[in-house]
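The values are calculated or read from the model by the stated rules, or taken from the named source; none is laboratory data. Fair warning: this is a prediction, and the values are worked out from it, not measured in the lab. Here Cβ is always computed from backbone atoms with ideal geometry, including for glycine, and neighbour counts include all displayed protein chains. The area values use the complete protein model at the heavy-atom level, side chains included, leaving out ligands, DNA and RNA. Shrake-Rupley method; radii C 1.70, N 1.55, O 1.52, S 1.80 Å.
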Amino acid sequence: MTGSGEAREAQPQAPGEVRRLAEERADARAGKDFAAADALRDQIAEQGWVVADAPGGFTLEPAERDAGSAGPIAPAQVASMLDREPVFDVAIHWVCEGWLDDIDRAIDAFAANAGSRRLQFVVADVTGDAHERWREREDVEVVWLHDDAGWAAARNAGLARSLAPIVIAADGSIEPTGDVFSPIETALRDPGTGVVGPFGIVTRDLREFDEAPGDGPCDAVEGYLMAFRREVLTKVGGFDEKFRWYRTADIDWSFKVKDAGLGCSVVPLPVTKHDHRAWAVATEAQRTSWSKRNFYRFLDRYRDRWDLVLSGEPDHHDHDHDHEHHHDQPVTMPEGR
């Protein structure tokens, strides 16, 4: 639709932030500040809209979804939106390594339980299939990445697009069955809380990890669903991109959050956990190899950080134990996580 000096009006479906930027651009042009107008035009484009001058004002149109069809990009090429003003209430993210129907199920379930909240759905895709699947949906942004992008790099690329104060990093296996947002919002009002979710784990020796016995503080929030304030992401940074498979990346990032002085907690949420596809399709040999590689990356970073473990340092811990022997000891975790 067209905007004018008296009452510029964008398309009804354009978010308020986009309309505000378009208004500012029109004012800048009226004041002959064309450099500012061009910068505002670029900000509008980054949010998926095209602004054009028109008699008496401007027009706003959604950008063509085919704009991303030129091909995939590297995660490092994804423009960050973390310094932009929020446009949505909650940003929800998936890494798509296949199983698009699972993500569809999750998107529909989150939307059905959103109430009046404005949701941003972001799919970081390494399959090349997601763009076509969601090209007609204005509420889903697909970040099309090269197929050799590792899990953590893809996760970070998607998270960089967050335009909401609350961010949820989810797995396609999770399906909300009720209002998951209110408990998350309540928990994250505590400035000392860094990350929350419905599933957590605890450890006494950094080798055996068990499911958290109940709600409240835990040693790490599991990656099925991790919810946090966007400011936490900007403060501590993203996931370690050397984690090319998902396993243990959630523990590593949880400890990163705790190392910044923030807490991890289990919050009861109405969700159903379906099959975890990435675990199910991996062979036993792949699970063992990839899991060990990721775990020892985590352990090499946090092996002596007992200040980050709820139970503290175990009585039997040997500070003088040879570093190399740590890699020979068994590791146990809840299956599939």
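The table below lists the values:
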quantity	calculated
All positions within the range 132-164 that are part of a loop (DSSP other than H, G, I, E, B) and among the acidic types (Asp, Glu)	136, 138, 139, 147, 148
Any hit, the range 328-336, residues being open to solvent by 30 Å² or more (accessible area, probe 1.4 Å) and either closer than 16 Å to residue 171 by Cβ or at pLDDT 95 or above (or both)	yes
Matching residues, the range 230-270, being open to solvent by 30 Å² or more (accessible area, probe 1.4 Å) and in contact with a strand residue (DSSP E or B) (Cβ under 8 Å, 6 or more places away or on another chain)	260, 270
Hey, residue 23 modelled with pLDDT of 85 or more, within 26 Å of residue 117 (Cα to Cα) and of a type in the set (D, E, K, R) or not	yes
Leading residue by the ranking (farthest from residue 230 (Cα to Cα)) among those in the range 88-117 that are under 16 Å from the mean Cα position of the chain (by Cα) and assigned to a loop (DSSP other than H, G, I, E, B)	97
All positions within the range 187-214 that are acidic (Asp, Glu) and surrounded by 15 or more Cβ atoms within 10 Å (Cβ to Cβ)	211
Residues (surrounded by 15 or more Cβ atoms within 10 Å (Cβ to Cβ) and over 22 Å from the mean Cα position of the chain (by Cα)) located in the range 275-289	282, 287
Condition check for residue 184: open to solvent by less than 20 Å² (accessible area, probe 1.4 Å) and within 23 Å of residue 277 (Cβ to Cβ)	no
Filtered residue count, the range 145-165, keeping only those that are open to solvent by 60 Å² or more (accessible area, probe 1.4 Å) and touching a strand residue (DSSP E or B) at 6+ places or on another chain (Cβ under 9 Å)	2
Complete set of residues in the range 108-119 that are open to solvent by 10 Å² or more (accessible area, probe 1.4 Å) and either in contact with a Phe, Trp or Tyr (Cβ under 9 Å, 6 or more places away or on another chain) or under 21 Å from residue 160 (Cα atoms) (or both)	111, 113, 115, 117, 118, 119
